[in-house]
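Here the structure is laid out as structure tokens; the discussion comes afterwards.
Just so it is clear, none of the values below were taken in a lab; they were calculated from the coordinates. These figures come from a predicted structure and were not determined experimentally. Don't worry about glycine lacking a Cβ; one is built from the backbone with ideal geometry, like all the others, and counts go over all protein chains shown.
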Amino acid sequence: MKRGAWLPALVLVLAGAGATLLAGANPLNAAVELLRGALGGPQPLAETLVQTASLLFPALAVAFALRAGFFNIGADGQAVAGGLAAGLAGAAWPGAGTAALLAALAAGTLAGGAWGALAGALRGRFGGSEVIATLMLNVLAGLLASYLLGGPLRAPGATGPETAALPESAWLPVLLPDSRLTLALPLALALAVALQFVLTRTVYGFELRAAGKAPEVARRAGVDLGSLAFGTLTLSGAIAGLGGATIVTGILHRFDPALSPGYGFIGIAVALVGGLEPLGVVLAAFAFAILQSGSLTMQAFAHVPKDVVALLEGLAILTLASRRALVARAPAR
Amino acid sequence: MNDAVAASASFAGLTAIKAAPLVLAALGGVLCERSGVVNVALEGQLAAGAFAAVAVAGATGNPLLGLVAGAFAGAALGLVLGVAATRFAADQIVAGMGLNVFALGACAFGVALVFGHPGASSEVPALGNAGEAALIVAALAAAAGLHALLYATPLGLRLRACGENPAAVRDAGLDPARLRALACAAGGALAGLGGVFLALAELDLYSDGMTAGRGFIALAAVIFGGWTPLGATAAAVAFGALSALQYLLQRSGIPSELMQALPYLAALAALAGLTGRARAPQADGLPETSRLD
Amino acid sequence: MEFALEVRDLVKTYAGGVRALDGVGLGVRRGEIHALCGENGAGKTTLAAIAAGRLRASGGSVERAGTAGFVPQHRQLVERMRAWENVVLGREPRRGARLDAAAARERVRALSAAYGLPVDPDARIETLDAGAQQRVEILRELAREPALLILDEPTAALAPAESAALFATLRALAARGVASLIVTHDLNDVAAHAERITVLRAGRVVARFEGGTDVRAIARAMVGGAVPALADRVPRATAPCFEIRGLVAGDGAGAVRGLDLDVRAGEIVGVAGVEGNGQRALADAVAGVLRYRGTQRLDGAELAPGDPAARIAAGIRTIPRDRQREGLVLDWSLSENLALGDQRRAPLRRGLGLDRRAARERARAVVERFDVRAPSLDARASALSGGNQQKLLAGRALAETPRLLLACEPTRGIDVGAAALLRSRLIEARNAGVAVLAISLDLDELFEIADRIVVLFRGAAAGEFARDAFERGALGAALAGLDAR
């Protein structure tokens, strides 16, 4: 991944500089403001780490599925499903104590997994493209949440589609006082380590990687590709769902359908830049978090619209797509 | 009786308005995929077309120039996809998603830059009712035209061959990479026109997120319609009708989310094989090595 | 120009340093039928592709008196389209802006009649058998009025009668001044039809002959010295092991239609046949990746269709037909590749994890026993030559003595030395009691290693021959379906 990474990096730097010049600003100044906004002090750094955690869950979900040769574009929808379940479970859990928090996280993981499993079943059983399935399920998750919270599961006194506020016992513990940095980050890091272990040391990971590189070879070596599709997309969804649950329990303290604004797509960029290796994805998530959290400061002080970051993220995905076919994906219908 | 006629007419009219951008985007998708390039970037092409149209119409005061700019913007994105897929043998789905993220970000960036305030543009000179009707007719004409092109012309034969077996095309002395890039650019132009419709016909401005997933509905229409121009158009019109229906049924008891969900559920049903086994072009998504190495 | 094609000092080096051609000179006269012979890996296909303009040389020159048509070894047609669409692609007859389908069909009929190549313009390619598809492809090339027609292994997928028809066509073309360059390693064709013969070995021209030369001289030039001797066949008793009854699998032209077959422990059963008579469907059904009707039993226990994992567990191992697409993960190391197939069993599996040390041990043993030339155990499979990759796959299949070994085209496209080693290992496995089912298009190979040969024709058994009855004539007739019982 490092070898030959200079060309995409160059493209991104030039594009960033070009965009800031178009905005009538000074690229160096913009970069400085960006970094200042992201890293210039304990509070900004904490916020950047919060963003890192928020990006890490969908990115790990995407990377894990891609290693198996499946493209999960629906991490946002899975995060919504997970966040909804977490918000409902956390608000409704009787009694106090950390049980409510654990219930919320577990519910989020299961709900995200179920949402991923839908796409997994379509792919594993019918051979239907998981790209289309996860894309469609993305939208359906939002619609479902909107319907449920607008009607049957409407929280008392709510003005829009949101759940009741979570009691404090269901909040993720904060690591740094006066910041939003919670246990979500260590949780995400532990997850990355666990995924790395699964991929490299277990038989399941071996079969998964074989299927991702050469599905026909894997099939003849006894790997059940249908079960693998189902299992992997379910796990991928569960990871994204857990991410949604951490946003609900750690940042918002209630469910909001906009909890994952495009993180699923940015997660693709993060996964690719990280070379699909869990530990590389961690570093990439931090890099992208710098871009995200610094962009507001950059917009305010260097007068460059923050959307330039999205523009660069898209370019990152595009330039990294142009490396020898990422995965030898088994043809879906 | 008159009420029923009026209701039908308004339903038909609303369907046409909702379906037109979907038809144009779906046709763009069909053209691209038929040549062998998977196109998940329809959403970005719609957005780019819409934004370019609004920016140029606003700057020049001429909505027709805006129309041209919109088509051009979509074509440019299509060309990037085509070149990435052929010259760089990129993974087409990843590249398409990259283009989506890029285009949506670039449009948001552009709005903030050009109009000073982020989120939405100001109102610009639009195409009006006459222009709207003309574009609707153009969309249907494009469906017929694409059908004729693909199945009754030499160019269409070559494009379809590119989608099935690019090596055979190369053996015939043609350049499959160039044909694919051309198809992607032309397809992108159609999708861009869909965006022009959204911004300059149905409305008269651009706002972030106005495409609202239409590009993905169009993709669903391509699949549901079996990768053919007429099939995709029929599917797009059906989805447009659902959209219109949802609008008209707003005050009935049926939750609007259900109506909005129907196109996506239809696409999932198609994936589960419930609509029969239409086949994607055989070389769809596969790179062709056009270089003589 | 006296020559239709003249090639001088041709050099071709692939990425990775492999020198496929090392200073080759060749001339094909106008209206001549010229054979290019050599073993697998000699560089014939590379030379043909460069001569046809499909591949760029690294050095040297190519001169043609006109265009060269190319009929590659594996069909490059648009399968879902019709014959006429394939033939006119790139030179479509028009009426205004429209494609003139009627004129196109007429053009195909005219060409078909003129060259004696019966082709139905409206047939979809995917419904045609190998011979018919080849005729379409030849017609497509002839439509461009070439001065030279280059054919790469044209008879590999043809029955003897179709082969004869092909050469009749080539002679007719020669009479009209169209030269043919036939790349082949089938010396029987060469002996009967070629006017001049050029022999390649390891990327160089080692001999040139006139037509009518004794095939043995040509064969000697191709191999260039003594072929390594094979392992001895040990006479032994056999026992029932694997049986197939009433197998129906696959669809279209290459389907299996009711096959009965027995493979006993301690014997090699060779399945011979012209390509496209059901070999792939048979192999895939036995490997467990293709569903079928009928029964397959191993040691009396019936096997479930479509379950590769169960078959591996039962003791069936495969050397797949396509080493790069079905056998190896090219990006992976030798160790990891060798673990494929046995990853769920001890000793490679320990609890949930993969035992890396055991995997390396296995790799070391295979590399040694099968003489796999590789920089290290951690080298990527892609760094190995075709012969070494094939040896790796054979080693993997034989790493733990299987009950049944299915070998599909075990020596396809590899050099003579590797082929000899692999055949020896197959014989040794047979000596050790393994039941070996060898499917091969190379009749000579089966003559060398098999105890019995079963001929496959149109998906069913069309003759069985014991070793003492191995004779080209009788087998050739069975291959063409002339001796159906």
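Observations on the model:
- Cα shape, chain B, gyration tensor, a/c 1.5 rule: oblate
- Taking other residues whose beta carbon is less than 12 angstrom from the beta carbon of B:MET97, and scoring Lys, Arg as +1 and Asp, Glu as -1, yields -3.
- Semi-axis lengths, Å, the protein assembly as shown, gyration tensor of Cα atoms, sqrt of 5 times eigenvalues: 56, 37, 27
- Angstrom value of the Kirkwood radius, inverse mean 1/r, which spans all Cα pairs in region B:141-293: 17.6
- Region B:117-176: C-alpha gyration tensor shape, a/c 1.5 cut-off, then a/b vs b/c: oblate
- Ranked by how many other beta carbons lie within 10 Å on average, peptides A:303-315, A:169-181 from highest: A:303-315, A:169-181
- Helical mean residue ellipticity (222 nm; -39500 (n - 2.57) per DSSP H run of 4+; nearest 500) of chain B: -24500 deg cm²/dmol
- FRET efficiency for the pair C:ASP468 and C:ASP260, taken as 1/(1 + (r/R0)^6) with r the Cβ-Cβ distance and R0 = 22 Å, rounds to 0.45.
- Local net charge near A:LEU135, Cβ-Cβ under 12 Å (Lys/Arg +1, Asp/Glu -1): -3
- At R0 = 35 Å, FRET efficiency that the Cβ-Cβ distance of B:ALA130 and C:GLU106 yields, to 0.05: 0.15
- Chain C: relative contact order as a whole-number percent, Cα under 8 Å and 6+ apart: 16
- Beta bridges by DSSP in the protein assembly as shown, antiparallel share as percent, to the nearest 5: 60
- When only Cα pairs below 8 angstrom with a gap of at least 6 residues are kept, chain A shows a relative contact order of 35 percent.
- If you model region A:1-143 as an ellipsoid using its alpha carbon gyration tensor, with each semi-axis the square root of five times an eigenvalue, the axes come out at 35, 25, 13 Å, biggest first.
- Taking amide H positions as modeled 1.01 Å from N, with prolines and chain starts lacking one, the residues under 5 Å from A:ILE73 and 5 or more places away or on another chain are A:THR134, A:LEU135.
- Residue-averaged 222 nm ellipticity for chain C, from DSSP H runs of 4+ at -39500 (n - 2.57), nearest 500: -9500 deg cm²/dmol
- Rg and Dmax of chain C, Cα atoms only, in Å: 23.7, 75
- 18 Å tail of the calculated P(r), region B:1-73, as % of Cα pairs: 56
- Alpha carbon convex hull of region C:395-470, projected area averaged over orientations, nm²: 5.5
- Shielding of B:145-156 by partner chains, average beta-carbon count, 10 Å: 3
- Between 0 and 90 degrees, the angle of helix C:386-398 with respect to the longest Cα principal axis of chain C falls at about 30 degrees.
- For region A:242-259, putting each phi into the Karplus relation 6.51 cos²θ - 1.76 cosθ + 1.60 with θ = phi - 60° gives couplings of 4, x, x, 5, 5, 5, 5, 7, x, 10, 8, 6, 6, 8, 9, x, 8, 5 Hz, in residue order, rounded to whole numbers and with x for Gly and Pro.
- Mean sequence separation of contacting Cα pairs (under 8 Å, at least six apart), scaled by the length of region A:41-124, corresponds to a relative contact order of 25 percent.
- DSSP assigns beta bridges within chain C; of those with both partners inside it, close to 55 percent run antiparallel.
- Computed P(r) (all Cα pairs; region C:1-158; 5 Å bins; percent): 2, 9, 16, 18, 17, 14, 11, 8, 4, 1, 0
- Radius 9 Å from Cβ of A:PHE265, net charge of other residues (Lys, Arg +1; Asp, Glu -1): -2
- Whether region C:119-191 is rounded, prolate or oblate, judged on the alpha carbon gyration tensor where a/c under 1.5 counts as rounded: oblate
- Calculated FRET efficiency for the pair C:HIS74/B:LEU155, C-beta based, R₀ 30 Å, to 0.05: 0.65
- Sorting C:158-169, A:266-277, B:181-192, C:453-464 by their mean Cβ neighbour count within 10 Å, with the most densely packed peptide first, gives B:181-192, A:266-277, C:453-464, C:158-169.
- Measure of compaction for chain A (Cα Rg per 2.2 N^0.38 Å): 1.00
- Segments A:39-52, C:342-355, A:278-291 sorted - mean Cβ within 10 Å per residue, highest first: A:278-291, A:39-52, C:342-355
- Helix C:101-115 vs. chain C, principal-axis angle (Cα, 0 to 90°, nearest 10): 90
- Normalised alpha carbon radius of gyration of region C:17-86 [divisor 2.2 N^0.38 Å]: 1.31
- The Cα atoms of region A:85-142 define a convex hull whose projected area, averaged across directions, is 4.3 nm².
- Distant-in-sequence amide H partners of C:LEU149 (H built 1.01 Å from N, under 5 Å): C:GLY69, C:ALA179, C:SER180, C:LEU181
- Phi to ³J(HN,Hα) by Karplus 6.51 cos²θ - 1.76 cosθ + 1.60 over region B:180-195, Hz, x for Gly, Pro: 5, 4, 4, 4, 5, 5, 5, x, x, 4, 4, 5, x, 5, x, x
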